[in-house]
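A quick write-up on the structure given underneath.
The values are calculated or read from the model by the stated rules, or taken from the named source; none is laboratory data. Every value quoted in this text rests on a predicted model; they were computed, and no experiment measured them. Quick reminder, even Gly has a Cβ in these numbers, built from the backbone with ideal geometry, and neighbours come from all protein chains shown.
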Amino acid sequence: MVRSINISGNFATAHFSNNNERGFMRYFLLLFLFFQQPIYSLELKVNSSKTKTYQNFDYQVELLKLVLTKAGEKNISIENVLINDQKQIQKALSKNQIDIGFLPLQMREKSSPIKYVPYPIRMGLLGYRVLLVNDSFQTSHKSQLEFMEYIKSLKGGFLDKWEDLKVLRNNGLKIRTFKDFESLMKALKSNKIQYISRSILEINSEFLNFKNKNTNLRIEEHFLIHYPFGEFFYVNSKNNELFEKLERGFDLATKDGSWKKFLLKAHKKEIKALKLSKRETLEFENQSLKRSFTENLSYWLKPEELK
């Protein structure tokens, strides 16, 4: 309550009752203390890559935010650390130079300095493959058996560092390896190889990028190859708190369907362009992922869910 106001020259003075003075002081003290409180933020460093194929990095980071939000985190700050090589990502994780790495599943000893969160980042979409072929590739093989025997008679191409190379070879395909993608595409153009197996998330952008350099390049239209394959979030083995948050977030996002919804929305364009409903599916085995795949079926998209 204002008791009186004295005005003298350029100054005005207000006199307050003792009770109101104490009330105002308490209010301003609480306001001051509120703004002094630190706002908690979960700060993470993750590996990023120069290659931005199939919305690579953006999808991973946005999924990470979704999962951590489900786990109860409200303020999440993510710093991108440029690392392309898988071995360097593992090294950075083991030395706590980054908090989370994006890597294909690798069989690791229990004493390994890093561990994976057992939820495939793209629900196995990387294991759905379509062939990028040249003009020598014949498309008249209608049955699955005939098609399988035909591609076994040809030479395929793959990079020697790609994790699923052994999957193709273990399923009977003859694969020639290359050090870089440019060499791989040149070999396809010159018919040193007749096809390249690419994921449904990669093949459209790669076709568009190279079709002007290679006019006999095309996408095979009749078959979809599938094997369990995926990449995962990796953390330092000692970072149990972050590991448990990611597990909890993935579990909740699986149960409420938000993870699957986010995934299909993010990759709708790539999936639709390949007309998967018109393709027959060839199933390949991936021995290194067999146990993880069969134990966690709810985390992996089935072929019929894409068609």
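In region 192-210, which residues are closer than 21 Å to residue 223 by Cα and part of a loop (DSSP other than H, G, I, E, B)? Listed by number, the residues that qualify are 193, 194, 200, 201, 202. Taking the numbered list (1) in a loop (DSSP other than H, G, I, E, B); (2) buried (at least 21 other Cβ atoms within 10 Å of the Cβ); (3) at pLDDT 95 or above in turn, residue 188 passes all entries but (1).
For region 117-136, residues that are over 17 Å from residue 105 (Cα atoms) and touching an Asp or Glu at 6+ places or on another chain (Cβ under 7 Å) total 4.
Under the condition of being surrounded by 12 or more Cβ atoms within 10 Å (Cβ to Cβ) and either touching a Gly at 6+ places or on another chain (Cβ under 9 Å) or in a helix (DSSP H, G or I) (or both), the residues counted in region 273-286 number 4. If you go through region 200-225 and keep only what is modelled with pLDDT of 95 or more and under 20 Å from residue 166 (Cβ atoms), you end up with just 225. For first residues located in region 145-156 and under 9 Å from residue 194 (Cα atoms), partners that are exposed (fewer than 15 other Cβ atoms within 10 Å of the Cβ) and not aliphatic (A, V, I, L, M) and lie 6+ apart or on another chain with Cβ distances below 6 Å form the pairs 155/174; 155/176. Within region 60-89, the residues that satisfy the criterion of being touching a Leu at 6+ places or on another chain (Cβ under 9 Å), within 30 Å of residue 198 (Cα to Cα), surrounded by 15 or more Cβ atoms within 10 Å (Cβ to Cβ) and modelled with pLDDT of 90 or more are 63, 64, 67, 78, 89. Here is the figure for region 100-151: residues that are within 17 Å of residue 230 (Cα to Cα) and basic (Lys, Arg) total 4. Quick check: anything in region 213-221 crowded, with 18+ Cβ neighbours inside 10 Å and assigned to a strand (DSSP E or B)? The answer is no; no qualifying residue exists. Checked against the criterion of being within 17 Å of the chain's Cα centre (by Cα), surrounded by fewer than 17 Cβ atoms within 10 Å (Cβ to Cβ) and either basic (Lys, Arg) or modelled with pLDDT of 95 or more (or both), region 99-111 has no qualifying residue. Taking the criterion of being among the hydroxyl-bearing types (Ser, Thr, Tyr) and under 32 Å from the mean Cα position of the chain (by Cα), the only residue of region 125-159 that qualifies is 128. The lone criterion from (1) of a type in the set (A, V, I, L, M); (2) assigned to a strand (DSSP E or B); (3) under 16 Å from residue 300 (Cβ atoms) left unmet by residue 263 is number (2).
Let's see how each residue does on (1) under 22 Å from residue 178 (Cα atoms); (2) over 21 Å from the mean Cα position of the chain (by Cα):
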residue: 198; (1), (2): yes, no
residue: 203; (1), (2): yes, no
residue: 211; (1), (2): yes, yes
residue: 232; (1), (2): no, no
residue: 238; (1), (2): no, yes
residue: 244; (1), (2): no, no
residue: 248; (1), (2): no, no
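Checked across region 227-235, the condition of being more than 26 Å from residue 47 (Cβ to Cβ) and touching a residue at least 24 places away in the same chain (Cβ under 8 Å) holds for no residue.
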